[in-house]
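Take a look at the structure set out below.
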């Protein structure tokens, strides 16, 4: 559904008007006092009093929208009427009292706008900790804690957006700093934008050892992988999700749960790269600012003295009747002279043709390549190779535990790994059985799996 079919466009008029700063202050105050909880609906007089308090503030008293003829006696009524006409509030008569209510669309939009500032200050460490504990709780008790998975996915996405926001802030700060007019302006912008707003509020929290989300990275990845590979727990979680009416059927519930777990895993798998990028950018920005300050402090006195001497020399030449331009900088030619012109490029020397010599092939090198090809072919782990090796291992009548598989060489270890991690149902001639426990193999760990030959293969 299009956004404007859900949220009336009139709600945006007061946010884009000349008095938008005042209007936003009114909306925030009205929302926080009357509509941010489950308190009773306010009276019209109470809302008018809030508006009156805002416009009496010197910060907002001079603000007005185009075409308004506001006076001290009518300003709050004009603003109230705009709130009502644009759809932010509505009047409801309850007996002899007029109550003020906020439509659902306006409440949803204002909730997002008011909460945006808090969202940008998200506790990154708490998010990572909640994600970790939520996944673990859902795995241990999928029937009761299945909703933790969707919640953890939302928290992981919010965490990624918060970290991306830190990086975006660095880009914006760098661009702003490069527009500084002088050293004083540069240092002021650096302290206000980088140190106060980013370094102290976000970056320090992000990098502190006790808050670093990297502390939870390995645990979250391991727990999500274990959950994804445990068909039994996935099935229980999907059944609970479907029973609660949050999915159409077991199949769609299973897909939803797996998609959420994969999304969480991917966010934390790429977390280290994002944090390293923030580190490098932050250090580069600090070095750039420090270099700029050192250069300006070092060169300022030198440039001033040189310019003073140039001015003195100009007046001396003027008094002597000389109009020849003299460069004030020793060793640097006079501007706009022939000495400052770029030198013509020299044509490249033609390339002389050369006869390519045929290198003699060493028989030892040929033999080495042959042996390497044979080794690679021998070590290749294909589905056919997995089937052939497991057919040798499996018995004809009973299920055999994969933990009992004893690799004879490195290739057998690779085959065992593929058997643990691959799509076993697609392997012909074999039957597999999984249980809801982890294997304890010496070489490769994973879900508990039993294998035997199919009936027609016995």
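The values are calculated or read from the model by the stated rules, or taken from the named source; none is laboratory data. Everything quoted here is computed from the prediction, not taken from an experiment. Positions of Cβ are generated from backbone atoms using ideal geometry, with glycine treated the same way; all protein chains shown enter the neighbour counts.
Meeting the requirement of 2 or more residues that are loosely packed, with under 10 Cβ neighbours inside 10 Å, on the phi < 0 side of the Ramachandran plot and at pLDDT 80 or above, the helices (runs of 4 or more DSSP H) wholly within region 317-435 are 363-379. Return a yes/no flag: does region 397-404 have any residue that is out of contact with any strand residue (DSSP E or B) (no Cβ under 9 Å at 6 or more places or on another chain) and within 25 Å of residue 438 (Cβ to Cβ). Yes: one or more hits. Scan region 99-120 and give yes if some residue there is in a helix (DSSP H, G or I), within 23 Å of residue 283 (Cα to Cα) and modelled with pLDDT of 75 or more, otherwise no. No, there is no match, as no residue in region 99-120 is in a helix (DSSP H, G or I), within 23 Å of residue 283 (Cα to Cα) and modelled with pLDDT of 75 or more.
Filtering region 244-288 to residues that are surrounded by 13 or more Cβ atoms within 10 Å (Cβ to Cβ), over 18 Å from residue 167 (Cβ atoms) and either modelled with pLDDT under 85 or touching a strand residue (DSSP E or B) at 6+ places or on another chain (Cβ under 9 Å) (or both) leaves 246, 247. Any residue in region 365-381 that is in the same structural domain as residue 453 (by TED's automatic domain parsing) and closer than 30 Å to residue 223 by Cβ? For region 365-381, residues in the same structural domain as residue 453 (by TED's automatic domain parsing) and closer than 30 Å to residue 223 by Cβ: present. Only one entry of 136, 78, 83 meets the criterion of being outside any strand (DSSP E or B), out of contact with any helix residue (DSSP H, G or I) (no Cβ under 9 Å at 6 or more places or on another chain), surrounded by 15 or more Cβ atoms within 10 Å (Cβ to Cβ) and at pLDDT 85 or above, and that entry is 78.
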